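Inspection log for the structure reproduced underneath, given as structure tokens.
Please treat every number below as a calculation from the coordinates, not as lab data. As the structure is a computational prediction, the values presented were derived from the model and not from experiment. Here the Cβ is made from the backbone with ideal geometry for all residues, glycine too, and neighbour counts use every protein chain on show.
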Amino acid sequence: MLKVVAPMSSNQKAKKVSRLIKRDGRKCSQCGTHTNLTIEHVVPKAIGGGNNLSNLKLLCEPCNQSNGKEFNNCYRNGGQWKGRNQNGGRRFF
């Protein structure tokens, strides 16, 4: 069954980003830097991950790119990617 979800307003997005920044302490959740921060999906949207706060984390651009490469390598090799745990360690199942 297809789930239809109404798009979020810009106000709702701003509130979610604000909660994410507060939760993650305005720093990369892997290396701790405070610069070039991006929003990362723990479980990528491409394989069913959602936009809920539990599936989002702040990463700096270098960590985000590294994470993407690991996901692509795992996915190409038939593994199931479960993202990274809170301490930055890989989670493959």
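With a Förster radius of 22 Å, plug the Cβ-Cβ distance of Asn52 and Ser9 into 1/(1 + (r/R0)^6) and report the FRET value to the nearest 0.05. Let's see the in-between values first.
Values: r = 17 Å, r/R0 = 0.75.
It comes to 0.85.
Each of the peptides 7-19, 35-47, 51-63 was scored by the mean count of other Cβ atoms within 10 Å over its residues; in descending order, highest first, they stand as 51-63, 35-47, 7-19.
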